[in-house]
């Protein structure tokens, strides 16, 4: 692919996404969806299963589960 990274670690992490049927180490206890990173699994549980929407717009009543979604708004 055309992705580029400034850090070797990030490249290595990204390269794993190209391996089919790879082992994912972090599994949601509720729905059993698997993730490569603990952070992604924790965020999934908070936003999907607990419904957390921690990022609110200062201009309207909209709220979002992720900061990047607020910025896009």
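The values are calculated or read from the model by the stated rules, or taken from the named source; none is laboratory data. What you see is a predicted model, and the numbers here were worked out from it, not measured in a lab. For neighbour counting, all protein chains shown are included, and Cβ atoms are generated from backbone atoms with ideal geometry for every residue, glycine included.
Given the criterion at pLDDT 95 or above, surrounded by 14 or more Cβ atoms within 10 Å (Cβ to Cβ) and under 27 Å from residue 9 (Cα atoms), identify the matching residue among 45, 27.
The unique qualifying residue is 45.
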### Query
If the Cβ limit is 7 Å and pairs must be 6+ apart or interchain, which residue in region 48-60 that is without any contact (Cβ under 8 Å) to a residue 40 or more places away in the chain pairs with which residue that is exposed (fewer than 12 other Cβ atoms within 10 Å of the Cβ)?
49/30; 55/67
### Message
Looking only at region 16-73, how many residues end up being within 16 Å of the chain's Cα centre (by Cα), part of a loop (DSSP other than H, G, I, E, B) and closer than 24 Å to residue 5 by Cβ?
### Response
6
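Among the candidates 37, 66, which residue alone is free of Cβ contacts under 8 Å to residues at least 60 places away in the same chain, touching a helix residue (DSSP H, G or I) at 6+ places or on another chain (Cβ under 9 Å) and exposed (fewer than 13 other Cβ atoms within 10 Å of the Cβ)? Let's see the steps before the verdict.
Values: 66 fails: exposed (fewer than 13 other Cβ atoms within 10 Å of the Cβ).
The match here is 37.
Give region 6-15 a look and list any residue that's under 18 Å from the mean Cα position of the chain (by Cα) and either surrounded by 12 or more Cβ atoms within 10 Å (Cβ to Cβ) or over 20 Å from residue 43 (Cβ atoms) (or both), or say none. Reasoning before the result, please.
Filtering region 6-15 down to residues under 18 Å from the mean Cα position of the chain (by Cα) leaves 9-15.
Across region 6-15, the qualifying residues are 10, 11, 12, 13, 14, 15.
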### Task
Show the residue pairs that are 6+ apart or on different chains and have beta-carbon atoms under 9 Å apart, the first residue being within region 15-30 and in contact (Cβ under 8 Å) with a residue 60 or more places away in the chain, the second being surrounded by fewer than 11 Cβ atoms within 10 Å (Cβ to Cβ).
none
